[in-house]
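Engineer: Please find one structure pasted underneath; my questions will follow.
The values are calculated or read from the model by the stated rules, or taken from the named source; none is laboratory data. Just so we're clear, the structure is a prediction, and the values are computed from it rather than from any experiment. Neighbour counts are summed over all protein chains in view; Cβ atoms, including those assigned to glycine, are modelled from backbone coordinates with ideal geometry. For the accessible areas, the whole protein counts, side chains as well, though only heavy atoms, and no ligand, DNA or RNA atoms are used. Shrake-Rupley method; radii C 1.70, N 1.55, O 1.52, S 1.80 Å.
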Amino acid sequence: MKKILKYLKPYWFVALLAPLFMIGEVLGDLMQPKLMSKIVDDGVLSGSMDVILKTGLTMILLVVAGGICGVMCTACSVKAAQSFGSDLRCAAFRRVMEMSLQQTDRFTTGSLVTRLTNDITMTEHFVSMALRMFVRSTFSFIGGIAMMLTLDVSFALVLACALPLEVLVMVIMLKKAYPMFRIVQKKLDKVNSVMQENVTGARMVKAYVREEFETERFENANGDLCETNYRVSRLLALISPLMMVFMNIGVIAVILIGGYQVEARAINVGDVMAAITYIVQVLNSLLAVGMIFQMISRASASANRIAEVLDTTPAIVSGSEQPEGKGEVCFENVSFAYPNAQGDPVLREVSFTVQPGEFVAVLGATGSGKTSLVNLIPRFYDVTDGAVYVDGEDVRALETEALRAKIGCVLQKSELFSGSVTENIRWGKEDATQEEVVAAAKIAQADEFVSKLPEGYDTIIGEKGASLSGGQKQRLSIARALVRKPDILIFDDSTSALDLGTEARLQAALRENLRGTTVIMIAQRIASVRNADRILVLENGVIAAEGKHEELLETSELYRDIFASQQHNTEVK
């Protein structure tokens, strides 16, 4: 919790004003029973209307002043809490952006969403309530006891019996409830994960008619959450009735003691009335303190989950060197295994060099390590052994942002965002002009279909490009990479949805317009890469063959088998 609360420090002044205003409101409340006692004893019983009017006016003024203090306290506490929550959410999001891919996989998407939304909201509510209710309850508790004892010290017997019982009940209940709050958040993670999987995979669910299965899976996760929440709520629900029992017993005791004192003429009737009000205030404030400790328990569980994100040290640590060159890529005895993976490494002692402006293709069966290979260049992952060099510098020594700025990646899965076509292409280069956007689209063979859209480049394409075909999404993704004019361009099987004619035009446009750009292309079809300057054939994480298309047909049996199988499939079609 301490690590989280440091984000409140910039707003210390507003946070300090909130309890100060609350003290003003509490002082006004504490004065009311005393003044009411005066009205009863010196006004009503003595028949003095003047005392009643003057004291009543004083009470009204105190209520107004207390109301103003209460409003200002609420305004200050909400301002501090919301600012704290906003900064904390931004800090957590920045840390998520700094995480490597294996770190985000470890947390899971659903859990990260819960931590950045529900958990931070819990801590916001805690800060807001602590600045108001904790101060109010504390001062009402202390002030109520002090004011009660000024009336008659015999009332201390009531407090001495009631307070320990209330404290004991709260401690027992909250001790049992605290571990359950963390379980609730984990159950909520599961609900969010199932929901996220089904929203992103809605087409697959419908295609395989798995709606009932997924509905049942969601109902099970939601049922677990509901059951755990119910157990916590049932436990906490016992606190309020038990407190009310103790409070009413205390009121009866005050009336009983006060009755004897009034009969003995040791105390006035008004003082007994004031004592009843004060004991209600004291025991209610203790109940409020219990509610605050309940919120502390819940917020503490959430704060620990947020701290886990903030304390995560990014696995990919940026270097300080700036890349200088035209896009040379060199792998030197590179081996790579995914963290906590079982079995052999994905890549083993891979060595090759791509010269600036060279077009190199990577071919191989599924699972041979092609995507893992290119993921090492922009440092989505770091090598296990060996080194990857860009322009003669180990990528681990380069500033990560500068390294990735000179690389254009077109990933296996086309990721588009809700917005216009222009905004999606310009996502690759924020300050790209409209002319640069159109030029990139033309090279990517996207201009033809974009121009036919209802509003052209201003057409809103919807989240994840739901309104576009697979080939159209791939072409926009390629345009997004091209608009940044990178020194190194990586295609991770990102032309699979294009027909051979469109792909041929794309490659011709790339050769014509991107002379000097290093291109590394992963492909499944030999037809897509047969004109490459060099083809690397991967098999089980090692380079099994290397050369031009014609050379490989002569020297590599594996390449001939792949070529023959694809030729056969083409003839069959």
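Engineer: Excluding same-chain residues fewer than 8 positions from residue 452, which lysines have a Cα within less than 17 Å of its Cα?
Structural biologist: Here the lysines satisfying the reach criterion relative to residue 452 are 442, 473.
Engineer: For residue 204, project a label point 7 Å along Cα to C-beta. Then give me every residue of region 97-111 with its amide nitrogen under 15 Å of that point.
Structural biologist: 109-110, by backbone N distance to the label point.
Engineer: Specify which residue in the list 242, 122, 313 is farthest towards the positive end of the charge dipole of the chain, using unit charges on the beta carbon of Lys, Arg (+1) and Asp, Glu (-1), about the Cα centre.
Structural biologist: Of the listed residues, the answer is 242.
Engineer: Sticking with this structure for a sec: Would you calculate the separation in nanometres between label points at residue 160 and residue 504, each defined as 7 Å from the Cα along the Cα-to-beta-carbon direction?
Structural biologist: For residue 160 paired with residue 504, the spin-label model returns 10.1 nm.
Engineer: Hey, if you put +1 on the Cβ of every Lys and Arg and -1 on every Asp and Glu Cβ in region 438-568, which of 520, 552, 438 ends up farthest toward the positive end of that dipole?
Structural biologist: The listed residue farthest towards the positive side: 438.
Engineer: Moving on. Show 206, 187 ordered by accessible area, largest first, where the area counts protein heavy atoms only and the probe is 1.4 Å.
Structural biologist: Details: 206 135, 187 65 Å².
Per-residue accessible area, sorted high to low, gives 206, 187.
Engineer: Could you list which residues have their amide H under 5 Å from that of residue 362, counting only those 5 or more apart in sequence or on another chain, with H placed in the peptide plane?
Structural biologist: Close amide H contacts, sequence-distant or interchain: 521, 522, 523, 536.
Engineer: What number, in percent, do you get for the relative contact order of the chain if the mean sequence gap of Cα pairs under 8 Å and at least 6 apart is divided by its residue count?
Structural biologist: RCO, the chain: 14 percent.
Engineer: Now, a different point. For residue 452 and residue 561, FRET efficiency with R0 = 41 Å and r from the beta-carbon atoms, rounded to 0.05? All intermediate terms of the calculation are to be shown ahead of the outcome.
Structural biologist: Values: r = 42 Å, r/R0 = 1.02.
That gives a FRET efficiency of 0.45.
Engineer: Here is a further query. Kindly report the accessible area of the chain per residue (heavy atoms of protein chains, probe 1.4 Å, no ligands, DNA or RNA), in Å². All intermediate terms of the calculation are to be shown ahead of the outcome.
Structural biologist: On the way: 28900 Å² over 573 residues.
Averaged over the residues of the chain, the accessible area is 50 Å².
Engineer: Restricted to Cα positions, what overall size does region 253-296 have along the principal axes? Three whole-Å values, descending.
Structural biologist: Rounded to whole Å, the extents work out to 46, 15, 10 Å.
Engineer: I want to verify the translational diffusion coefficient of the chain in µm²/s; compute it with Stokes-Einstein, Rh as the Kirkwood radius over Cα pairs, at 4 °C and 1.567 mPa s. Don't skip to the answer; put the middle values down first.
Structural biologist: Details: Rh = 29.7 Å.
After rounding, the answer is 44 µm²/s.
Engineer: Semi-axes of the equivalent ellipsoid for region 1-48, please: Cα gyration tensor eigenvalues, times 5, square-rooted, ordered largest first, whole Å.
Structural biologist: Working: eigenvalues 377, 17, 3 Å².
Its equivalent ellipsoid spans semi-axes of 43, 9, 4 Å.
Engineer: Based only on Cα atoms, what mean projected area does the convex hull of region 437-526 have, in nm²?
Structural biologist: Numbers: hull surface 23.3 nm².
Computed as one quarter of the Cα hull surface, the answer is 5.8 nm².
Engineer: Once fully extended, how much extra length lies between residue 313 and residue 231, figured as 0.36 nm per residue of separation less the alpha-carbon to alpha-carbon distance?
Structural biologist: Details: separation 82, 0.36 × 82 = 29.52 nm, distance 3.56 nm.
Stretched fully, the residue 313-residue 231 segment lengthens by 26.0 nm.
Engineer: On the principal axes of its Cα set, how long, how wide and how thick is region 299-409? Give whole Å, largest value first.
Structural biologist: 56, 36, 22
Engineer: Can you give me the span-like helices of the chain, meaning DSSP H runs with 27 Å or more of Cα extent along the axis and Kyte-Doolittle mean at or above 0.5? Could the numbers behind the result be given before it?
Structural biologist: Working: long enough: 12-38 (40 Å, 0.99); 49-98 (73 Å, 1.00); 156-200 (64 Å, 0.77); 211-237 (37 Å, -0.93); 239-263 (36 Å, 1.67); 269-310 (60 Å, 1.14).
Those that pass (Cα extent of 27 Å or more, hydropathy at least 0.5) are 12-38, 49-98, 156-200, 239-263, 269-310.
Engineer: Here's a follow-up. Bins of 5 Å, beginning at zero and ending with the bin holding the largest distance: percent of Cα pairs per bin for region 224-333, please.
Structural biologist: It works out to 2, 8, 10, 11, 9, 8, 7, 6, 6, 5, 5, 4, 4, 3, 3, 2, 2, 2, 1, 1, 0, in whole percents.
Engineer: What figure, in Å² to the nearest 10, do you get for the accessible area of residue 168 with a 1.4 Å probe and non-protein molecules left out?
Structural biologist: Surface open to solvent at residue 168 totals about 100 Å².
Engineer: Let me ask you something else. If you put +1 on each Lys and Arg Cβ and -1 on each Asp and Glu Cβ, how big is the dipole of the chain around its Cα centre, in Debye rounded to 20?
Structural biologist: Values: 57 positive and 65 negative charges, 350 e Å.
Roughly 1680 debye, rounded to the nearest 20.
Engineer: For a quick check of understanding: with a 1.4 angstrom probe and all protein chains in place, what accessible area in square angstrom does residue 230 have, to the nearest ten?
Structural biologist: Surface accessible to solvent at residue 230 totals approximately 120 Å².
Engineer: How would region 315-376 be classified by its alpha-carbon gyration tensor: rounded, prolate or oblate, with rounded meaning a/c under 1.5 and the a/b versus b/c comparison settling the rest?
Structural biologist: On the way: a/c = 2.45, a/b = 1.29, b/c = 1.90.
Judged from the Cα gyration tensor, region 315-376 comes out oblate (a/c at least 1.5, b/c at or above a/b).
Engineer: Give the accessible area for residue 97 in Å² (nearest 10); use a 1.4 Å probe, count only protein heavy atoms, and leave out ligands, DNA and RNA.
Structural biologist: Surface accessible to solvent at residue 97 totals approximately 120 Å².
Engineer: Compute the orientation-averaged projected area for region 168-224 from the convex hull of its Cα atoms and round it to one decimal in nm².
Structural biologist: The orientation-averaged projected area of the Cα hull of region 168-224 comes to 4.1 nm².
Engineer: As I understand it, the dipole of region 407-469 uses +1 on the Cβ of Lys and Arg and -1 on the Cβ of Asp and Glu, about the Cα centre. Which of 419, 468, 454 lies farthest toward its positive end?
Structural biologist: Sorting the options by dipole projection puts first 468.
Engineer: Over region 1-118, how many pairs of lysines fall under 18 Å by alpha carbon, counting only those 8 or more apart in sequence or from different chains? Write down the numbers at each step before the final one.
Structural biologist: Details: 6/79; 9/79; 34/54; 38/54.
Taking the Cα cut-off of 18 Å, the pair count is 4.
Engineer: Please report the equivalent ellipsoid semi-axes of region 1-80, computed as sqrt(5 x eigenvalue) of the Cα gyration tensor, largest first, in whole Å.
Structural biologist: Values: eigenvalues 305, 24, 7 Å².
The equivalent ellipsoid of region 1-80 has semi-axes of 39, 11, 6 Å.
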